[in-house]
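Engineer: Sending over a structure as structure tokens; questions will come in a sec.
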Amino acid sequence: MSQYTNSMKIKVMSLNIWHGGELWDKAVEFIKSQDADILLLQEAYDGHDPGVKRQFRMMDEFKKLLGYEYADFVQSMIYVTPEGAYPHGNAVFTKFPIKSKSFSYFTEPEAGREKYENIPENWPIIPNVLQHVELETPTGAADVFNMHGVWDLDGDNYSEARQHMRDVILRDTKGLKNVILAGDSNAKASNRAMRELEPQLKSVFGQELKSTFNMRRKDNPGYATAAVDLMFVSPNIEVLSKDCPDVDVSDHLPVIAELEIN
């Protein structure tokens, strides 16, 4: 007899946390209130000096504050700030055991990885990453991918870099049964590269969202029509509900879905 159940419902949330939590108290309160089974964060920090701001030691603090039993961090770069240089990347917090972990770069591995400085000429070479954790769930293995995509001010630009990002995602998710992919793609949902992830992956929100930016924190009006925080799942996973609440917890908005895995 199988040790696994036939189906299960899970709640997944993805959020670009904005440099480790620029709006720390609001972000923590909101994340706690959602109580997602799987939490994906981009722009996470993994410093460990107790003397620096909480956001730069986000992983240590969130492990204490959020109550998740399992967590993983993938470093994409060493990010230079006025306060110092700290590991920066993607994070997954989950209620399910992590069986294995891996990652892939969307850009050339050496580009900007060491001592990255946040200046405009460096934005196109931000070494963003695709984080992968395999989880052990009551229905068996689930493969969760946390993306922070190639930067481009034109969210619809079907560039070579965006096409390479598409290829990396399709390669890493190929042949896996229960895939959940989410994160800040830095590309609009309407971008051809993102649409070409289908039919291998099913878009949770499709073209429904107008923007996934918190316009209280943005002064460029172009962000008001840019839905770049995306979520995809395997075709066999049913989307029971989905939401992108307009909350002031980051410069991005969270994307949230309740899913049923069969």
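Engineer: For region 59-99, which residues satisfy the criterion of being surrounded by 16 or more Cβ atoms within 10 Å (Cβ to Cβ) and small (Gly, Ala, Ser)?
Structural biologist: ALA71, SER76, ALA85, GLY89, ALA91
Engineer: Still on this structure: When you go through (1) of a type outside the set (Lys, Arg); (2) in contact with a Gly (Cβ under 8 Å, 6 or more places away or on another chain); (3) surrounded by 21 or more Cβ atoms within 10 Å (Cβ to Cβ); (4) within 30 Å of LEU259 (Cβ to Cβ) one by one for PHE56, which number turns out not to apply?
Structural biologist: Among (1) of a type outside the set (Lys, Arg); (2) in contact with a Gly (Cβ under 8 Å, 6 or more places away or on another chain); (3) surrounded by 21 or more Cβ atoms within 10 Å (Cβ to Cβ); (4) within 30 Å of LEU259 (Cβ to Cβ), PHE56 violates only (4).
Engineer: Given the conditions (1) of a type outside the set (Lys, Arg); (2) at negative phi; (3) within 17 Å of the chain's Cα centre (by Cα); (4) buried (at least 20 other Cβ atoms within 10 Å of the Cβ), and given that GLY21 satisfies all but one, which numbered condition is not satisfied?
Structural biologist: Result: GLY21 passes all but (2).
Engineer: Could you figure out which of (1) more than 26 Å from SER250 (Cβ to Cβ); (2) at pLDDT 95 or above isn't true of ARG166?
Structural biologist: (1)
Engineer: Within 14 Å of the chain's Cα centre (by Cα), on the phi > 0 side of the Ramachandran plot and of a type outside the set (Ser, Thr, Tyr) - does that describe any residue in region 135-145?
Structural biologist: No, that holds for no residue.
Engineer: Please determine whether any residue of region 14-23 is closer than 18 Å to VAL144 by Cβ and among the β-branched types (Val, Ile, Thr).
Structural biologist: Scanning region 14-23, I find at least one residue that is closer than 18 Å to VAL144 by Cβ and among the β-branched types (Val, Ile, Thr), so the answer is yes.
Engineer: Follow-up question, since we're still on this one. Out of curiosity, is SER102 loosely packed, with under 15 Cβ neighbours inside 10 Å, closer than 15 Å to PHE145 by Cα and touching a residue at least 24 places away in the same chain (Cβ under 8 Å)?
Structural biologist: yes
Engineer: Additional query: ILE38 - would you say it is under 22 Å from LEU181 (Cβ atoms), at pLDDT below 95, crowded, with 19+ Cβ neighbours inside 10 Å and β-branched (Val, Ile, Thr)? Please lay out each step first, then the result.
Structural biologist: Details: under 22 Å from LEU181 (Cβ atoms): yes; at pLDDT below 95: no; crowded, with 19+ Cβ neighbours inside 10 Å: yes; β-branched (Val, Ile, Thr): yes.
Criteria not met by ILE38.
Engineer: So PRO120 clears everything in (1) surrounded by fewer than 15 Cβ atoms within 10 Å (Cβ to Cβ); (2) modelled with pLDDT of 95 or more except one condition, right? Which one?
Structural biologist: (2)
Engineer: Just a yes or no: is a residue in region 204-221 among the small types (Gly, Ala, Ser) and touching a strand residue (DSSP E or B) at 6+ places or on another chain (Cβ under 7 Å)?
Structural biologist: Keep residues of region 204-221 that are among the small types (Gly, Ala, Ser), which gives 206, 211.
Narrowing further to those that are touching a strand residue (DSSP E or B) at 6+ places or on another chain (Cβ under 7 Å): none.
No: region 204-221 contains no residue that is among the small types (Gly, Ala, Ser) and touching a strand residue (DSSP E or B) at 6+ places or on another chain (Cβ under 7 Å).
Engineer: Another question, if that's okay. Quick check on region 106-127. Is at least one of its residues on the phi < 0 side of the Ramachandran plot and in contact (Cβ under 8 Å) with a residue 60 or more places away in the chain?
Structural biologist: yes
Engineer: Those residues that are touching a Gly at 6+ places or on another chain (Cβ under 7 Å) and either crowded, with 19+ Cβ neighbours inside 10 Å or on the phi > 0 side of the Ramachandran plot (or both), I need them from region 41-53; list them, please.
Structural biologist: GLN42, GLU43, ALA44, TYR45
Engineer: Considering region 3-38 alone, what residues qualify as being assigned to a helix (DSSP H, G or I) and farther than 14 Å from GLU61 by Cα?
Structural biologist: LYS26, PHE30, SER33, GLN34
The values are calculated or read from the model by the stated rules, or taken from the named source; none is laboratory data. Model, not experiment: these values are computed from the prediction. Cβ sites come from the backbone with ideal geometry, for glycine too, and all protein chains shown count toward neighbours.
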